[in-house]
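Engineer: One structure is given below, represented as structure tokens, and several questions about it will come after.
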Amino acid sequence: MLTLEQTLTWFPACRVEDVPENGGVCVKYRDEQIALFHFTRRNEWYATQNECPHRQQMALSRGMIGSQDNEPKVACPFHKKTFSLRSGECLSGDEYVLKTYPVKVEGGLVYIGVSTD
Amino acid sequence: MKIVIIGNGMVGYKFCEKLLAKQHQHPLELIVFGEEMRPAYDRVHLSEYFAGKTADELTLAPATWYAEKGIRLHLGDPVQTIDRAHKTVHCFSGITESYDYLIMATGSSAFVPPIPGVEKQGVFIYRTIEDLEMMAAYARHVKKGAVIGGGLLGLEAAKAMLDLGIADTQVIEFAPRLMPRQIDEAGSHTLRTKLEALGLHIRTNTNTTAILGDDHITGMQFADDSTIDVDMLVISAGIKPRDEVAKLCGLETGHRGGIVVNDHLQTNDPSIFAIGECALHKGMIYGLVAPGYEMADVVATNLTGGAKSFTGYDMSTKLKLIGVDVASFGEPFVSPKDGRSIVWEDTLKGVYKRINISNDGKQLLGGILVGDAEQYNMLLQTCKNKVILPPNPEDIILGERGGSGDAGAGVTSLPDEALICSCEGISKKMICDAVSEQGHETVDAIKKCTKAGTGCGGCVPMLKDLVTHTLKAQGKYVRNVLCEHFQYSRQELFDLVKIHDLKSYDAALDKLGNGDGCEVCKPAIASIIASLWNEMILQRGNATAQDSNDRFLANIQKGGTYSVVPRIPGGEITPEKLIVIGQVAQKYHLYTKITGGQRIDLFGAHVSDLPAIWEALIAAGFESGHAYGKALRTVKSCVGSTWCRFGLHDSVSFAIRIEERYRGLRAPHKLKSAVSGCIRECAEAQSKDFGIIATEKGWNLYVCGNGGSKPQHALLLATDLDSETCIRYIDRFLMFYIKTADPLTRTATWLNKMEGGISYLKNVVVHDSLGIAEQLEAEMQVLVDNYKCEWKEVVDNPELRKRFNHFVNAPEEKDPTVQFEPMRSQKRATEWK
């Protein structure tokens, strides 16, 4: 964990109230697009790449979130491919894996951790 | 074992297929000689060739099939002589081939009566694809057509003439009535009336004495010396077995034609068999395909070590002749000493039904159906399997009156051995086993696995019922739950959400579900909430429970941009509004296209531009078109009586009224409607979830149609309604659908699954059999009264507007990955990978 902390940069993405409850928004970080989700029901935050790997569409932040056997997930609005918000793995039978990012909330601000190598 | 088959028609082909499907002790060598240039094709559906089917589509199996199976197929090469002493055949091209067994499947040719002048140009027979091609080539300049023969084949030929565009066609029949062999006089009369209403001229009791004209036909003369002008004639007066090669080699033939066979279909030469229309079995020629297939099976069985006899065949048949159902089964005619008849006739709709019942009233002996043969399969099975009739036998053709549901228990009452597909000889048990033991759970899978329903196709509706019943019996559909988060069906949830007065998805999940929800239950519950209360769908935390399109009130398209569809009720729009749409499209660089529902779609809008686009549209008087929602889309209209010289009523005004009444109504699936101002039906109302067609006296209301991948015509719910009653019926119909359908089920599928079908729906909506009509109307009125344009609410609400940005931390920036390419002076989305 120590090494992980060292290579992470936490950047402030938005305020808590900017993200709809049980929904997502898209955050711009340099040239990256990150989907940020506030899973209010579980009091959890998740962040993944915004691009759905199936058809390379920048859309996951507009997807519906939910759970499958308690695993938190997001469904892409285009073709309803679903991905684990924890591991980024595709739950609907494809090989894709999403990049995921750590999230923390401090003083009403939401921070996303990005590696700085 | 070397087998030579003479003839590559439907029965000859079926023999090859059946033989190969059986177990063999000895290697098989199969050689087929066919006279025609094409491999065997579906002659039963020949008339569909003019209706647009290609020769390839009619082909039963391509030439490659024969090659793959190791069959040597010689086409365009008829066998000319058989040398029975040396067991060889000699054919047209000069090949001589030996055989161990010889199968005659030579079929039949058209019977041409010896009328002077039959050799003239423009006189055709109706038998092969070549005949059809020649007819089509000749028909181009033909104005007046005629068909000799008012039987089954003659009426098929008349249909072909109509399909060729010869509207002025006469049918000439020697007998006093049409189809004298299959149906009785009253049924024949009903058929004649219906065909005449379709524009056919019919002459019965008419004997043609001469075909007039020099080298080509110009007219016909009859026994009473009257004449008519005719440019083209098709003779389709019966068949003549092809037995000339058989005769030549000394096989026994009947004096009116046909190769004589015993119960094994064996001729007087034990190595030679005859099957299909060339075979004469106990004095009978079987001119239908099903007995031909049965004969093929008998011979194939006996040649592979089995034992089977041909003991005659039921001649029951169901046809659609020029759009009119005609069926006869069992004993269509019965003498008073053998039984009694129940006859029902509706001269208004042109329906005639007759059933013959044993004198003790217990068994169905046979019958005739004209104009409506939907019950044919059930009646045929009831007859064949000697199922005991209900106490009021008329229920089996009229349904139980004064109650709900169908008479009898349908397919469940049939015994296991009931033959469902007579073409392929497949029993009820075989089909049920394929479902329950082999897991084939769709009609297509059943067709593939058992071949049932692949012949004439008449049994397909029963296959569907059997699949459903078998699955139900296994308990497969018993728990129809929404998903892992809700252990209820949509219908149950609808009632529960209402009873508990739940207005948000989260409240419903807390009260009725478990877990955190998913992309299945979220939009389903959100839709129920919208259908119940009709509140703004993006409030009370419901925005993130909506499907993506509903969440952004626009349709997401390739590349992540959205399309915008303003409502244009009834398709009526002022020039001023058209200009505004054009200006908005120019300003925001949108691709414009007219939709199928008479409105205009603007594509390529960035999510962050949507509120501004709508602000401009709303300022010009537009409202949301709900193209993004499972909701009422459009009510299409023809121009109607205000301009059209045929229009009976003002269809545009009524369409606008309907569209404005139900705009924003959310339902289990999208809803489309249309209003046509007359029977020409330019608005295509019969392809809609609810369609309205003007009549002299009011409106006819059709329901549960759709286009899409499985097109289905809407069914008539009520006739000659005044506008107010029409709207009340639509209120009831829509509310009943919204309350009871499964998620994402269109009205057509909903009706298909409904027990009792359209008659049940009619009872609920028109006759108020459940006593809920008033409640349904009241519930609809609440929704109508609560309607607000949701885009106007967004435009006016800064908090809601904020949600329409691509980047939460850079609201002024657009998604840089969105790309367009130019196309035909507009733009398109860049293709995805």
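The values are calculated or read from the model by the stated rules, or taken from the named source; none is laboratory data. It should be emphasised that the depicted structure is a prediction, and the values quoted were computed from it without experimental measurement. In this analysis, Cβ positions are derived from the backbone assuming ideal geometry, glycine residues included, and neighbour counts consider all displayed protein chains. Surface areas here come from the heavy atoms of the whole protein model, side chains and all, with no ligands, DNA or RNA. Shrake-Rupley method; radii C 1.70, N 1.55, O 1.52, S 1.80 Å.
Engineer: Across region B:721-740, what is the total count of residues that are closer than 25 Å to B:Lys349 by Cα and either in contact with a strand residue (DSSP E or B) (Cβ under 7 Å, 6 or more places away or on another chain) or not acidic (Asp, Glu) (or both)? If you could, list the steps in order and put the result at the bottom.
Structural biologist: Filtering region B:721-740 down to residues closer than 25 Å to B:Lys349 by Cα leaves B:721-723, B:725-726, B:729-730, B:733.
Filter once more, so that each one left must be either in contact with a strand residue (DSSP E or B) (Cβ under 7 Å, 6 or more places away or on another chain) or not acidic (Asp, Glu) (or both): B:721, B:723, B:725-726, B:729-730, B:733.
Adding up the residues that qualify gives 7.
Engineer: Quick check, is B:Leu776 within 14 Å of another protein chain (Cβ to nearest Cβ), closer than 20 Å to B:Leu532 by Cα, within 36 Å of the chain's Cα centre (by Cα) and surrounded by 14 or more Cβ atoms within 10 Å (Cβ to Cβ)? Let's see the steps before the verdict.
Structural biologist: On the way: within 14 Å of another protein chain (Cβ to nearest Cβ): no; closer than 20 Å to B:Leu532 by Cα: yes; within 36 Å of the chain's Cα centre (by Cα): yes; surrounded by 14 or more Cβ atoms within 10 Å (Cβ to Cβ): yes.
It is false that B:Leu776 is within 14 Å of another protein chain (Cβ to nearest Cβ), closer than 20 Å to B:Leu532 by Cα, within 36 Å of the chain's Cα centre (by Cα) and surrounded by 14 or more Cβ atoms within 10 Å (Cβ to Cβ).
Engineer: Sticking with this structure for a sec: Among (1) open to solvent by less than 30 Å² (accessible area, probe 1.4 Å); (2) more than 19 Å from B:Glu684 (Cβ to Cβ); (3) in contact with a helix residue (DSSP H, G or I) (Cβ under 6 Å, 6 or more places away or on another chain), there is one condition B:Gly640 misses while meeting the rest; what is its number?
Structural biologist: (2)
Engineer: Can you name the strands (runs of 3 or more DSSP E) wholly within region B:213-327 that have at least 3 residues being modelled with pLDDT under 90 and closer than 30 Å to B:Ala175 by Cα?
Structural biologist: Values: elements: B:219-222, B:227-229, B:232-235, B:239-241, B:259-261, B:272-274, B:279-281, B:317-321.
Passing ranges, in order: B:317-321.
Engineer: Here are A:Val74, A:Val97, A:Val105, A:Val114: which of them is open to solvent by 70 Å² or more (accessible area, probe 1.4 Å) and either of a type in the set (Ser, Thr, Tyr) or more than 7 Å from every other protein chain (Cβ to nearest Cβ) (or both)?
Structural biologist: On the way: A:Val74 fails: open to solvent by 70 Å² or more (accessible area, probe 1.4 Å); A:Val105 fails: open to solvent by 70 Å² or more (accessible area, probe 1.4 Å); A:Val114 fails: open to solvent by 70 Å² or more (accessible area, probe 1.4 Å).
Unique residue meeting the criteria: A:Val97.
Engineer: Let me ask another. Looking for something more than 26 Å from B:Leu319 (Cα to Cα) and either at pLDDT 95 or above or in contact with a Leu (Cβ under 8 Å, 6 or more places away or on another chain) (or both) - is there at least one such residue anywhere in region B:48-64? Can you show your working first?
Structural biologist: So in region B:48-64, the residues more than 26 Å from B:Leu319 (Cα to Cα) come out as B:62-64.
Now narrow it down to the ones that are either at pLDDT 95 or above or in contact with a Leu (Cβ under 8 Å, 6 or more places away or on another chain) (or both): B:63.
Checking region B:48-64: at least one residue is more than 26 Å from B:Leu319 (Cα to Cα) and either at pLDDT 95 or above or in contact with a Leu (Cβ under 8 Å, 6 or more places away or on another chain) (or both).
Engineer: Let me ask something else. So, in region B:552-602, how many residues would count as being basic (Lys, Arg), touching a residue at least 60 places away in the same chain (Cβ under 8 Å) and open to solvent by less than 30 Å² (accessible area, probe 1.4 Å)?
Structural biologist: Here is the first cut: in region B:552-602, the ones basic (Lys, Arg) are B:558, B:567, B:577, B:587, B:593, B:599.
Now narrow it down to the ones that are touching a residue at least 60 places away in the same chain (Cβ under 8 Å): B:558, B:567.
Still in the list and also open to solvent by less than 30 Å² (accessible area, probe 1.4 Å): B:567.
The qualifying residues number 1.
Engineer: Go through (1) touching a Lys or Arg at 6+ places or on another chain (Cβ under 7 Å); (2) farther than 17 Å from B:Ala667 by Cβ; (3) buried (at least 22 other Cβ atoms within 10 Å of the Cβ); (4) in contact (Cβ under 8 Å) with a residue 40 or more places away in the chain and name the single condition B:Ser548 misses.
Structural biologist: It fails just one condition, (4).
Engineer: Now for a separate question. Of all residues in region A:77-91, count the ones that are open to solvent by 60 Å² or more (accessible area, probe 1.4 Å) and either free of Cβ contacts under 8 Å to residues at least 40 places away in the same chain or facing chain B (nearest Cβ under 10 Å) (or both). First the steps, then the outcome.
Structural biologist: Here is the first cut: in region A:77-91, the residues open to solvent by 60 Å² or more (accessible area, probe 1.4 Å) are A:79-80, A:86, A:89.
Now drop any that are not either free of Cβ contacts under 8 Å to residues at least 40 places away in the same chain or facing chain B (nearest Cβ under 10 Å) (or both), which leaves A:79-80, A:89.
Qualifying residue count, region A:77-91: 3.
Engineer: Next question. Give the residue, chosen from B:Leu715, B:Leu721, B:Leu701, that is in contact with a helix residue (DSSP H, G or I) (Cβ under 8 Å, 6 or more places away or on another chain), surrounded by 14 or more Cβ atoms within 10 Å (Cβ to Cβ), within 25 Å of B:Val675 (Cα to Cα) and free of Cβ contacts under 8 Å to residues at least 24 places away in the same chain.
Structural biologist: Working: B:Leu715 fails: free of Cβ contacts under 8 Å to residues at least 24 places away in the same chain; B:Leu701 fails: free of Cβ contacts under 8 Å to residues at least 24 places away in the same chain.
Just a single option satisfies the conditions, and that option is B:Leu721.
Engineer: Next up: Looking only at region A:18-46, which residues are hydrophobic (A, V, I, L, M, F, W, C), within 12 Å of A:Pro72 (Cα to Cα) and more than 8 Å from chain B (Cβ to nearest Cβ)?
Structural biologist: Restricting attention to region A:18-46, the residues satisfying the condition of being hydrophobic (A, V, I, L, M, F, W, C) are A:19, A:25-27, A:34-37, A:39, A:45.
Okay, now just the ones that are also within 12 Å of A:Pro72 (Cα to Cα), so A:37, A:39, A:45.
Scanning region A:18-46 gives A:Phe37, A:Trp45.
Engineer: Would you point out the residue of region B:20-34, among those that are of a type outside the set (Phe, Trp, Tyr) and closer than 8 Å to B:Leu73 by Cα, that is nearest to the chain's Cα centre (by Cα)?
Structural biologist: Narrowing region B:20-34 to residues of a type outside the set (Phe, Trp, Tyr): B:20-32, B:34.
Checking which are closer than 8 Å to B:Leu73 by Cα leaves us with B:31-32, B:34.
Numbers: B:Ile31: 38, B:Val32: 35, B:Gly34: 33 Å.
Among residues in region B:20-34 that are of a type outside the set (Phe, Trp, Tyr) and closer than 8 Å to B:Leu73 by Cα, the one nearest to the chain's Cα centre (by Cα) is B:Gly34.
Engineer: Scan region A:48-62 residue by residue and report those that are small (Gly, Ala, Ser) and within 7 Å of another protein chain (Cβ to nearest Cβ). Give the steps one after another, and end with the answer.
Structural biologist: If we filter region A:48-62 for residues that are small (Gly, Ala, Ser), which is where we start, we get A:59, A:61.
Residue satisfying the conditions is A:Ala59 alone.
Engineer: Every residue in region B:189-225 that is among the β-branched types (Val, Ile, Thr) and open to solvent by 60 Å² or more (accessible area, probe 1.4 Å), please.
Structural biologist: If we filter region B:189-225 for residues that are among the β-branched types (Val, Ile, Thr), which is where we start, we get B:190, B:193, B:202, B:204, B:206, B:208-209, B:211, B:217-218.
The answer is B:Thr193, B:Thr218.
Engineer: Please find, among B:Glu831, B:Glu799, B:Glu755, the residue that is under 36 Å from the mean Cα position of the chain (by Cα) and within 13 Å of another protein chain (Cβ to nearest Cβ). So that I can check it myself, show each step before the final result.
Structural biologist: On the way: B:Glu799 fails: under 36 Å from the mean Cα position of the chain (by Cα); B:Glu755 fails: within 13 Å of another protein chain (Cβ to nearest Cβ).
None of the other options fit; the residue is B:Glu831.
Quick grid of which residues meet (1) over 18 Å from B:Arg567 (Cα atoms); (2) more than 26 Å from the chain's Cα centre (by Cα); (3) modelled with pLDDT of 95 or more:
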site	(1), (2), (3)
B:Ser651	no, yes, yes
B:Phe654	no, yes, yes
B:Ile658	no, yes, yes
B:Arg661	no, yes, yes
B:Ser676	yes, no, yes
B:Glu681	yes, no, no
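Engineer: Additional query: Look at region B:755-766 and say how many of its residues are within 16 Å of B:Leu701 (Cβ to Cβ) and assigned to a helix (DSSP H, G or I). I'd like the intermediate steps shown before the answer.
Structural biologist: To start, the set of residues in region B:755-766 that are within 16 Å of B:Leu701 (Cβ to Cβ) comprises B:758-759, B:761-766.
Checking the rest, the ones that are also assigned to a helix (DSSP H, G or I) come to B:758-759, B:761-765.
Looking only at that region, the number is 7.
Engineer: Against the definition (farther than 25 Å from B:Ile528 by Cβ and part of a loop (DSSP other than H, G, I, E, B)), how does B:Glu821 come out, yes or no?
Structural biologist: Answer is no for this residue.
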